[in-house]
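Here the structure comes first, spelled out in structure tokens, and everything after it is commentary.
The values are calculated or read from the model by the stated rules, or taken from the named source; none is laboratory data. Model, not experiment: these values are computed from the prediction. Here Cβ is always computed from backbone atoms with ideal geometry, including for glycine, and neighbour counts include all displayed protein chains. When the accessible area is computed, the model is the full protein with side chains, heavy atoms only, and any ligands, DNA or RNA have been set aside. Shrake-Rupley method; radii C 1.70, N 1.55, O 1.52, S 1.80 Å.
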Amino acid sequence: MFDLSGKTALVTGGGRGLGLEMAKALAGAGAWTVINGRSGQGLEEARKRLQGDGIEIGIAAGDITRDAPAIIAAAVEKTGGLDILIHAVGERDRRGTEAMEPHEFAALLNTDLTAAYAVAKTALPYLRRSAAGRLIFVTSIAAFAARAGDPAYTAAKGGLAALTRSLAVELGADNLTVNAIAPGWFATETNAHLAADPALKAFVDIRIPLKRWGRPEEIAPAAVFLASPAASFVNGITLTVDGGMTVQM
């Protein structure tokens with residue numbers, strides 16, 4: 001049920017962090033996987049690391065938020081098709097309403113939400129050709145729970161969860177499922193300094209029932225599940241992977 005042999009996949013934002021872990025898992029489950037990121041050098045380094053683990057992947061460098069058609073076409077050329085697309089690109093601007101101008105708010109929405117729509121629209125013809133297409137967005141627990149001073153990111157991720165539901169309804173007749181993954185606090189390279197900060201330990205103990213940060217590889221099973229035949233009747237959900245953070249009062 002979780003075998004992806006014969007499937008083709010593209011993971012945007014797949015050069016590091018959670019995106020790379022998801023790409024590694026898809027490839028490990030048998031999918032011919034291509035990762036995308038802005039840095040060709042970073043992608044090549046990631047490819048070599050996975051190659052050392054016996055996992056082969058392809059790379060397609062470029063800014064997916066600006067040049068989705070060319071990047072997706074390049075990935076399809078490498079794989080011969082597209083069955084699975086995981087869109088894991090996102091940025092954050094931690095400024096409150098008084099510090100952020102409307103055009104800056106709009107810019108973050110463009111990167112985190114509008115670009116996701118453009119990627120989905122571009123990939124749609126390829127995914128429709130698949131016998132069982134899978135479109136998976138990576139949103140955030142910020143889609144459901146807000147913190148002060150983070151309006152643009154919260155709005156963008158909430159919009160991405162809503163877009164997931166909308167596309168799931170629209171595209172279900174094409175035998176194409178659309179779902180999302182909402183990660184909580186993960187100790188990725190970007191968050192390593194925060195995960196090591198003793199001052200945050202008390203907060204983690206209170207807010208996360210498992211009383212720890214997530215390990216990056218713990219995001220991978222969610223991606224494999226939603227991409228696999230096991231999730232053939234799962235459509236329009238956002239799967240939260242946060243150690244229980246958003247369910248604890």
For this session: Arrange the residues Met245, Met1 by how much accessible surface each exposes, largest first, with a 1.4 angstrom probe.
Result: Met1, Met245
Exercise. Counting only heavy atoms of protein chains, what accessible area per residue, in Å², does the stretch 114-213 have with a probe of 1.4 Å?
Worked result: 45 Å²
Problem set entry | Helix 17-28 vs. the chain, principal-axis angle (Cα, 0 to 90°, nearest 10) | 30 degrees
For this session: Can you tell me how much longer the chain between Lys121 and Arg215 gets when fully stretched, taken as 0.36 nm per residue apart minus their C-alpha distance, in nm with one decimal?
Result: 30.6 nm
Exercise. Points 7 angstrom from Cα along the Cβ direction at Glu56 and Ile206: gap in nanometres?
Worked result: 5.2 nm
Exercise. To the nearest 20 debye, what charge dipole does the chain have about its Cα centre, counting +1 at the Cβ of each Lys and Arg and -1 at the Cβ of each Asp and Glu?
Worked result: 280 debye
For this session: Please list, or write none, the aspartates and glutamates whose alpha carbon is within less than 19 Å of the alpha carbon of Lys7, excluding same-chain residues fewer than 8 places away.
Result: Glu21, Glu56, Glu77, Asp83, Asp174
Seminar exercise, completed: Measuring from the longest principal axis of the C-alpha atoms of the chain, the long axis of helix 40-52 (C-alpha) lies at a number of degrees, nearest 10, equal to 80 degrees
Exercise. For the cross-link pairs Lys24/Lys78; Lys48/Lys157; Lys24/Lys157; Lys48/Lys78, which exceed 27 Å when the distance is taken from alpha carbon to alpha carbon?
Worked result: Lys48/Lys157
Exercise. Per residue, how many Å² of accessible area does the stretch 26-82 show with a 1.4 Å probe?
Worked result: 47 Å²
Exercise. How large, in percent, is the carbon and sulfur part of the accessible surface of the stretch 1-141 at a probe radius of 1.4 Å?
Worked result: 51 percent
For this session: Just grab the label-to-label distance for Ser166 and Asp3, each label 7 Å out from Cα along the Cβ direction, in nm (one decimal).
Result: 3.9 nm
